[in-house]
Amino acid sequence: MKIKLILLLISFVFCNYNYSLEDYNPTSPTYESNVWEPEYLNYITMHYFGTQN
Amino acid sequence: MSDFQDELRNDDGYENIVIIGVGQTIMEGANNSFCANSDLPLVMDPSPDLPIRNQFSPYYDSHALVILGYDGNYLGHIGVSNLGITQKNYIRDILEEHYEQSILGDLNADSTLNIQDIILLVNLILTNQQNPLADLNSDNIINVLDIIQLVNIILN
């Protein structure tokens, strides 16, 4: 149990995020490309979560 | 939000930052509204599993902005339903601390130009992808001329 807890804590602390999904905004310069990877590699990215369901 | 991105890029000089909207496949009205009022990229979090929101838990919330560094590490998050001076300053403080000026041609962001960058540049050209750091001769086209320029820089 302790080991599981430690592993969970480590995975939380060192968690890196990523996704690669198609840009659906036709007015965006990266429309139909995949973001954030690979289009915005080497960028600081800000992910805006709008209205939630 | 797109105005704020323009501010950060054009006024503050943070060229390599991007704000990405994360919609939901079942929220067509909200997605359309985002597209109509913004030129920011919009991705769809597939409903009902919402894997992106699960990945960003516990930081995502309604009108939350989650800020991540170059390697996808968490830098901060803030509610931006009212994007005022307090929220903008919070974001600017994070950028000031973590933003690194990019080196032209350094496609893997390791602060050196080497064979790995050439491989990535070739891959960019073959897959027809865009990256402003890959346009070494500033002609707005990424092609073999940029490879030649990068090779010359590395050899010199």
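Every number in this text was worked out from the coordinates using simple rules, so none of it is lab data. The structure presented is a predicted model; accordingly, all values stated were derived computationally and were not measured. Because the Cβ atoms are built from the backbone with ideal geometry, glycine has one as well, and the counts that use them run over all protein chains shown.
Quick look at the values:
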| item | result |
| --- | --- |
| Listed residue (B:Ile118, A:Tyr24, B:Leu75) projecting farthest to the positive dipole end of the protein assembly as shown, Cβ model | B:Leu75 |
| For B:Gln116, net neighbour charge (Lys/Arg +1, Asp/Glu -1) across residues whose Cβ lies under 15 Å away | -3 |
| Dipole-positive endmost among B:Tyr60, B:Val144, B:Ser102 within the protein assembly as shown (Cβ charges, Cα centre) | B:Tyr60 |
| Principal-axis tilt of helix B:144-155 within chain B, Cα atoms, nearest 10 degrees | 70 degrees |
| Amide proton proximity set for B:Ala64, modelled H, under 5 Å, gap of 5+ | A:Phe49, B:Val80 |
| Between the range B:17-70 and the range B:131-154, the alpha-carbon center distance in angstrom | 33 Å |
| Distant alpha-carbon pairs in the range B:39-95 (separation over 15 angstrom), percent | 58 percent |
| DSSP bridge pairs, chain B: antiparallel proportion in percent, nearest 5 | 55 percent |
| Between helix B:85-98 and chain B: long-axis angle, C-alpha atoms, 0 to 90°, nearest 10 | 30 degrees |
| Sparse-neighbourhood loop sites, GluC sites (Glu not before Pro) in the range B:86-156 - DSSP loop, at most 15 other Cβ within 10 angstrom | B:Glu100 |
| Cβ-based exposure ranking for A:His47, B:His63, in which fewest neighbours within 10 Å come first | B:His63, A:His47 |
| Acute angle (nearest 10 degrees) that the helix B:115-126 long axis makes with the longest principal axis of chain B, alpha-carbon atoms | 70 degrees |
| Exercise: per-residue mean of other protein chain Cβ atoms within 10 Å, B:107-117 | 1 |
| Choice from B:Leu145, B:Leu75, B:Leu65 showing the highest fluctuation, given a GNM over chain B with Cα pairs closer than 10 Å | B:Leu145 |
| Number of partner chain Cβ atoms within 10 Å, mean per residue of A:29-42 | 6 |
| Where the Cα pairs of the range B:35-156 fall when distances are cut into 5 Å bins, in % | 2, 9, 14, 15, 14, 14, 14, 11, 6, 2, 0 |
| Neighbour net charge for B:Met1 - beta-carbon separation under 12 angstrom, K R +1, D E -1 | -3 |
| Length released on extending from B:Glu15 to B:Thr127, taking residue separation times 0.36 nm less the Cα-Cα span | 38.0 nm |
| Over the protein assembly as shown - Rg/Rh using Cα atoms and the Kirkwood inverse-distance radius | 0.99 |
